[in-house]
1. Restricting to region 96-105, count the residues that are surrounded by fewer than 14 Cβ atoms within 10 Å (Cβ to Cβ) and touching a Gly at 6+ places or on another chain (Cβ under 6 Å).
2. Examine region 123-139 for a residue that is surrounded by 18 or more Cβ atoms within 10 Å (Cβ to Cβ) and in a helix (DSSP H, G or I), and state whether such a residue exists.
3. Looking at region 46-59 only, could you name the residues that are under 25 Å from residue 73 (Cβ atoms), surrounded by 13 or more Cβ atoms within 10 Å (Cβ to Cβ) and over 18 Å from the mean Cα position of the chain (by Cα)?
4. For region 93-105, which residues satisfy the criterion of being outside any loop (DSSP other than H, G, I, E, B), of a type outside the set (S, T, N, Q) and touching a Phe, Trp or Tyr at 6+ places or on another chain (Cβ under 9 Å)?
5. Quick check on region 28-38. Is at least one of its residues of a type in the set (Val, Ile, Thr) and outside the structural domain of residue 140 (by TED's automatic domain parsing)?
6. Residues in region 88-95: is at least one under 30 Å from residue 133 (Cβ atoms), in the same structural domain as residue 136 (by TED's automatic domain parsing) and crowded, with 20+ Cβ neighbours inside 10 Å?
7. What number of residues within region 63-84 are within 18 Å of residue 8 (Cα to Cα), in a strand (DSSP E or B) and modelled with pLDDT of 85 or more?
Amino acid sequence: MKIERHTKIVELISKYDIETQEDLAEKLNEAGFNVTQATVSRDIRELKLTKVSTDGNRQKYVVLQSQEGWMSEKYIRVLQDGFLSMTKASNILVIRTVSGMAMAVAAALDAMQFKEVLGCIAGDDTIFCATRSDEETLSLMDRMRKIVGK
């Protein structure tokens, strides 16, 4: 549950300008996660979120990323725990996951910002991951194999 919640937090702060822990807790509760402000505070600390200034005097939470690209152990763990198999379909990588984990795995893939990935669509146990070409699909498959060890 914690992995899914952390994945949802990263997804929410990417989608919305979330300024406070209370705002984040509200969004998580709306998404079906029953959390308190104390839980959100711990999650923020564990995910190493920080606030940055937006336009005006407002701030929002973001995940700090290094220049080389940031692959949190949490994202790798989500991929390893949820991944079952993958199949190439031209420039689409079809990824099978444990039931209920497709959204979390797709969010982790998005957060890892692979250059090959144009976008992901996730159901319950299947992800369609679009790339620009057959070659990029093969490259993405190689990178995925190295991460998930399969």
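1. Of the residues in region 96-105, 0 are surrounded by fewer than 14 Cβ atoms within 10 Å (Cβ to Cβ) and touching a Gly at 6+ places or on another chain (Cβ under 6 Å).
2. yes
3. Answer for region 46-59, where residues must be under 25 Å from residue 73 (Cβ atoms), surrounded by 13 or more Cβ atoms within 10 Å (Cβ to Cβ) and over 18 Å from the mean Cα position of the chain (by Cα): just 51.
4. Correct list: 93, 94, 95, 96, 105.
5. Among the residues of region 28-38, at least one is of a type in the set (Val, Ile, Thr) and outside the structural domain of residue 140 (by TED's automatic domain parsing), which makes the answer yes.
6. yes
7. Qualifying residue count for the region: 1.
Residue-by-condition table, conditions (1) of a type in the set (A, V, I, L, M, F, W, C); (2) modelled with pLDDT of 95 or more; (3) in the same structural domain as residue 45 (by TED's automatic domain parsing):
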| site | (1), (2), (3) |
| --- | --- |
| 99 | no, no, no |
| 112 | yes, no, no |
| 125 | no, yes, no |
| 128 | yes, yes, no |
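The values are calculated or read from the model by the stated rules, or taken from the named source; none is laboratory data. It should be emphasised that the depicted structure is a prediction, and the values quoted were computed from it without experimental measurement. FYI the Cβ positions are ideal-geometry reconstructions off the backbone, even for glycines, and counts take in every protein chain you see.
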